[in-house]
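The values are calculated or read from the model by the stated rules, or taken from the named source; none is laboratory data. Being a predicted model, the structure only gives us computed values, none of them experimental. Positions of Cβ are generated from backbone atoms using ideal geometry, with glycine treated the same way; all protein chains shown enter the neighbour counts. Heavy atoms of the whole protein, side chains included, go into the accessibility calculation; ligands, DNA and RNA do not. Shrake-Rupley method; radii C 1.70, N 1.55, O 1.52, S 1.80 Å.
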Amino acid sequence: MTGGAAAVRSGIRFDRVSVAYGGNVVLDGLDLTVEPGEVMALLGPSGSGKTTALRAVAGFVRPASGRVYIGDRDVTALPPHKRGIGMVVQSYALFPHLRVQDNVAFGLKAQKADRAEIPGRVAEALELVGMAAYARRYPRELSGGQQQRVAIARALAIRPGVLLLDEPLSALDAQLRSGMLAELARLHRELPDVSLLYVTHDQVEALTLADRIAVMDRARLQDCGTPQELYRRPRTEFTASFVGNANLLPVTVAEAPGTVDFAGHALAVPTGEVAAGVTATLCVRPHLVGLGDGPNALTGTIAEVQWRGSTHRLYVEVDGHRIKADLRELRETPALGDRATLHFAAQDAVLLPAGAGASRG
Ligand code: ADP
């Protein structure tokens, strides 16, 4: 491996970047830094502003306010081809009339790279994605996964400091997707200096690939942290439900230390500095909920059972609230309408006071 695909180490910085379409704010004051060599996922539901943020880095949308930096350079007013970025989109966007090698050479020619260097750079990029044997094929002669590899090679050929990926796996079927995810992780290991900004609505992709995840909702950054931080200690209800689909129970902090009231039940959970009387949301991951008696036991009626192969997902209705439990190795499938008791350990619950949120320090 030549290892020379990145000329410079450069991160990305959004400095209060806002974007509006016809008065409609679709990105609202984004402050976010991607460190050199870091993989940052932008994760959120459709329409939350992820692609807009990516396109602001690429130079395809002009912020209404704020600045975008690549490395130390303020690129806010720079045209896309002068930004030194590679970009990969969901639809591959290969030129159908060009062979693989000419698709990969395209960016180099546009950049006016030294003609004598182009074949070597094309070969190097195709080698990186395992497509060297397909250089003379046309895109129509390749599978979806192969086309996406070529698109990645094309983006890497210019040796960008920053690689932008917009839902790169969405067009692939599930099995290919997981293979390509591993492939992207390998590529990143081989190009440790390249910063990756990876837009996805798929939490598994974000959790698998990213060093940090920026959670977006309704044009705003909701939370940002490592996958472990977001999963174990979400800061907001949105993060807790979007990343890992947590139980969110409405509670009130009780007078007794370390106690909250949930629908008339006293639950022992870490309450930290939150004062008595404050309303809050208790976040408990479904896989940390057990069946049967134990600490924080809650009894209700089984409203739904889903068999998911390695686990059963039970929905138990407790005083008008549905609690999800992911249970392993149940010998018998519980029946709808049966009574069931669920429990969880105090340390497995996270208390989110109402209005808690914004990004981590
Ligand atoms: P995401 O990538 O999270 O799905 P987008 O950044 O693509 O979200 O879009 C955010 C919002 O901006 C959406 O409501 C979308 O309809 C709107 N939007 C995106 N591009 C345009 C455009 N060119 N003109 C008008 N509205 C747009």
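Condition check for E332 on (1) over 29 Å from the mean Cα position of the chain (by Cα); (2) touching a residue at least 24 places away in the same chain (Cβ under 8 Å): one failure, at (2). Listed here are the strands (runs of 3 or more DSSP E) enclosed by segment 178-225 that have at least 1 residues being open to solvent by 40 Å² or more (accessible area, probe 1.4 Å) and out of contact with any His (no Cβ under 8 Å at 6 or more places or on another chain): 212-217, 220-225.
Every residue in segment 59-69 that is crowded, with 17+ Cβ neighbours inside 10 Å and either within 16 Å of the ligand (Cβ to nearest atom) or closer than 30 Å to G144 by Cβ (or both), please. Result: G59, V61, P63, G66, V68. May I ask you to verify whether R9 is over 25 Å from L169 (Cα atoms), modelled with pLDDT of 95 or more and more than 16 Å from the ligand (Cβ to nearest atom)? It is false that R9 is over 25 Å from L169 (Cα atoms), modelled with pLDDT of 95 or more and more than 16 Å from the ligand (Cβ to nearest atom). In segment 178-194 there is at least one residue matching the filter, namely being modelled with pLDDT under 90, more than 16 Å from the ligand (Cβ to nearest atom) and polar (S, T, N, Q).
Of all residues in segment 46-74, those that are without any contact (Cβ under 8 Å) to a residue 60 or more places away in the chain and under 17 Å from G86 (Cα atoms) have Cβ atoms under 7 Å from Cβ atoms of residues that are more than 7 Å from the ligand (Cβ to nearest atom) and of a type in the set (G, A, S), 6 or more apart or on another chain, in V68/A56.
Of all residues in segment 306-328, how many are in a strand (DSSP E or B) and either out of contact with any Ser or Thr (no Cβ under 8 Å at 6 or more places or on another chain) or surrounded by fewer than 16 Cβ atoms within 10 Å (Cβ to Cβ) (or both)?
Counting residues in segment 306-328 that are in a strand (DSSP E or B) and either out of contact with any Ser or Thr (no Cβ under 8 Å at 6 or more places or on another chain) or surrounded by fewer than 16 Cβ atoms within 10 Å (Cβ to Cβ) (or both) gives 13.
Residues that are among the hydrophobic types (A, V, I, L, M, F, W, C), under 33 Å from the mean Cα position of the chain (by Cα) and open to solvent by 30 Å² or more (accessible area, probe 1.4 Å) within segment 253-279 comprise A268, V274, V278, listed in sequence order.
Exactly one residue out of A56, A105 is within 13 Å of L164 (Cβ to Cβ) and either modelled with pLDDT of 95 or more or buried (at least 16 other Cβ atoms within 10 Å of the Cβ) (or both), and it is A56.
For segment 203-215, the candidate set comprises residues that are closer than 21 Å to V350 by Cα and at pLDDT 95 or above; within that set, the residue that is nearest to the chain's Cα centre (by Cα) is I213.
For segment 75-91, filtering for residues that are out of contact with any Leu (no Cβ under 9 Å at 6 or more places or on another chain), in contact (Cβ under 8 Å) with a residue 24 or more places away in the chain and open to solvent by less than 50 Å² (accessible area, probe 1.4 Å) leaves 2.
The combined condition, being crowded, with 22+ Cβ neighbours inside 10 Å, at pLDDT below 95, within 12 Å of the chain's Cα centre (by Cα) and at negative phi, is fulfilled by L230. Here T341, T333 are screened, and the one residue that is surrounded by 12 or more Cβ atoms within 10 Å (Cβ to Cβ) and not aromatic (F, W, Y) is T341. Which count do you get for residues in segment 95-120 that are more than 23 Å from R140 (Cα to Cα) and among the charged types (D, E, K, R)? Matching residues across segment 95-120 total 4.
Going through A153, A116, A110 one at a time, which residue ends up being surrounded by 22 or more Cβ atoms within 10 Å (Cβ to Cβ) and either at pLDDT below 90 or small (G, A, S) (or both)?
It is A153.
Considering segment 21-38, the residues that are within 11 Å of the ligand (Cβ to nearest atom) and β-branched (V, I, T) include one that is least open to solvent (accessible area, probe 1.4 Å), namely V26.
Does A41 qualify as being modelled with pLDDT of 95 or more, open to solvent by less than 50 Å² (accessible area, probe 1.4 Å), within 16 Å of the ligand (Cβ to nearest atom) and farther than 21 Å from A171 by Cα?
Considered against the rule, which asks whether it is modelled with pLDDT of 95 or more, open to solvent by less than 50 Å² (accessible area, probe 1.4 Å), within 16 Å of the ligand (Cβ to nearest atom) and farther than 21 Å from A171 by Cα, A41 comes out as no.
For first residues located in segment 237-263 and within 18 Å of H287 (Cα to Cα), partners that are among the acidic types (D, E) and lie 6+ apart or on another chain with Cβ distances below 6 Å form the pairs T239/D223; L248/E237.
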